[in-house]
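K.L.:
For reference, the structure I am asking about is given below.
What follows is calculated from the coordinates using simple rules that are stated; it is not laboratory data. The shown structure was predicted, so the numbers you read here are calculated from the model rather than taken from an experiment. Reconstructed Cβ throughout: ideal geometry from the backbone, glycine too, with neighbour counts over all protein chains shown.
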Ligand code: EPU
């Protein structure tokens, strides 16, 4: 979709928004899949309500993009604009055991920055690609921890009320890969409270998680992490593996040989290829195990 309305184009600079016309979402997602649209890069949180009112008044559809690491975007020209936050400098400010982090901050860099300042707890998230906002929205977790445990405050744009709000940690519920945020809420910043730990100890934990991840996940390949959520008490990866589906492919969309719940783009996979593969694997798991797998990956398909 192209921003054509002169009223919108003229208002963008004043709102601190940079327009990048015809951006390929394949270049902004870890799967390397996705069509093109105009990208609006937002530098001022305070301008968001006005920007969105403007887009809504002209009935222009839009979506919020985080780090693009848990996302499967449709092919060809996309029927909505994409909005993305630009992270300020600095994007992490520490105060005692609290870290005030911008939603656009890189998750891995946040974990290591806090570690260097003797703040731990997030070791398990090392190696999870994406932004802090994305991790927050879906309560990212690994190796027995989840980011929600450390959240004390969240600044967000509440789409339903059309305004910026600050929520306290106890106003938000964090479950397995799920939060009480509405799908159209936009994460802006988070305050984390982290346990004090000596850097050397945190680094040991980080190394262990890195090794486990390297041994079990296809890190060098284009993927969106796990495709399906684990059903209660079971592992989606193990079930897919037990069916002998590693290596199954539709075009260049392929079930990873290393971890069966990772589907990789081994070349020029399209969204159609990936969605066909996902549907096929889901159906086979349902037939054999009687389990309906839920997507973990977010799908933006027209
Ligand atoms: N397994 C297989 N074959 C496979 C993959 C896994 O037999 O191809 C077995 C493993 O041997 C293990 C069990 O299944 O006994 C569980 O596997 P793993 O430890 O890799 O964990 P997982 O349940 O598949 C979850 C998260 C990952 C997270 C890891 C580590 C989900 C859907 N997945 O994977 O998160 O990195 O634990 O904590 O919750 C993600 O969210 O995108 C993600 C990858």
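K.L.:
Quick one: divide the alpha-carbon radius of gyration of segment 49-171 by 2.2 N^0.38 Å and tell me what you get.
P.N.:
Cα Rg divided by the expected 2.2 N^0.38 Å: 1.17.
K.L.:
Among 29, 179, 166, what is the fewest-to-most ranking by other Cβ atoms within 10 Å?
P.N.:
So the ranking, lowest neighbour count to highest, is 166, 179, 29.
K.L.:
Here's another thing I want to ask about it. Which FRET efficiency value, to the nearest 0.05, do you get for residue 219 and residue 10 by plugging their Cβ-Cβ distance into 1/(1 + (r/R0)^6) with R0 = 35 Å?
P.N.:
Computed FRET efficiency for residue 219 and residue 10 comes out at 0.20.
K.L.:
Rank these for me by crowding, 181, 228, going from fewest to most other beta carbons within 10 Å.
P.N.:
With the sparsest Cβ surroundings first, the list reads 181, 228.
K.L.:
I've got another one for you. Quick one: among 174, 64, 289, which has the greatest mean-square fluctuation in a GNM of the chain with alpha-carbon springs under 10 angstrom?
P.N.:
The residue that fluctuates most here is 289.
K.L.:
Report relative contact order for the chain in percent, whole number only (criteria: Cα-Cα under 8 Å, sequence separation at least 6).
P.N.:
With pairs under 8 Å counted, the relative contact order is 17 percent.
K.L.:
How much length is gained on full extension from residue 58 to residue 272, taking 0.36 nm per residue of separation minus their Cα-Cα distance?
P.N.:
74.0 nm
K.L.:
Quick one: Cα centre-to-centre distance for segment 57-116 and segment 203-220, in angstrom?
P.N.:
Using only Cα atoms, the two centres lie 23 Å from each other.
K.L.:
Once you order the gyration tensor axes a ≥ b ≥ c over the Cα atoms, which shape class does segment 101-229 get: rounded for a/c under 1.5, otherwise prolate or oblate by comparing a/b with b/c?
P.N.:
Oblate, since a/c reaches 1.5 and b/c is not below a/b.
K.L.:
What FRET efficiency comes out for residue 116 versus residue 182 if R0 is 41 angstrom and r is the Cβ-Cβ distance? Round to the nearest 0.05.
P.N.:
About 0.75, to the nearest 0.05.
K.L.:
Before anything else, pin down the relative contact order of segment 6-85: Cα pairs under 8 Å, at least 6 apart, normalised by residue count, whole percent.
P.N.:
Across segment 6-85, relative contact order equals 36 percent.
K.L.:
I've got another one for you. Which three extents, in angstrom, do the Cα atoms of segment 220-300 have along their principal axes, listed largest first?
P.N.:
Extents along the principal axes, in whole Å: 34, 26, 22.
K.L.:
Could you work out, for segment 6-85, what percent of all Cα-Cα pairs fall into each 5 Å distance bin, beginning at 0 Å and stopping at the bin that holds the largest distance?
P.N.:
Histogramming segment 6-85 at 5 Å steps yields 3, 15, 27, 25, 15, 11, 3 percent.
K.L.:
Related question: Where the centre of each part is set by its Cα atoms, how far does segment 275-302 sit from segment 233-271, in angstrom?
P.N.:
11 Å
K.L.:
Quote the FRET efficiency, to the nearest 0.05, computed for residue 211 versus residue 235 with a Förster distance R0 of 25 Å and r equal to the Cβ-Cβ distance.
P.N.:
0.80
K.L.:
For the residues 242, 27, what sequence is obtained by ranking on other C-beta atoms within 10 Å, fewest first?
P.N.:
27, 242
K.L.:
Please report the equivalent ellipsoid semi-axes of the chain, computed as sqrt(5 x eigenvalue) of the Cα gyration tensor, largest first, in whole Å.
P.N.:
30, 27, 16
K.L.:
While we're here: So in segment 8-106, what percent of DSSP beta bridges are antiparallel if you round to the nearest 5?
P.N.:
Here the antiparallel bridges make up roughly 55 percent for segment 8-106.
K.L.:
While we're looking at this one, here's another question. Which residue fluctuates most in the GNM of the chain (Cα springs below 10 Å): 170, 106, 273?
P.N.:
Fluctuation is largest for 170.
K.L.:
Helix-derived [θ] at 222 nm for the chain: sum -39500 (n - 2.57) over DSSP H runs of at least 4, divide by residue count, nearest 500?
P.N.:
After summing the helix terms and dividing by residue count, I get -7500 deg cm²/dmol.
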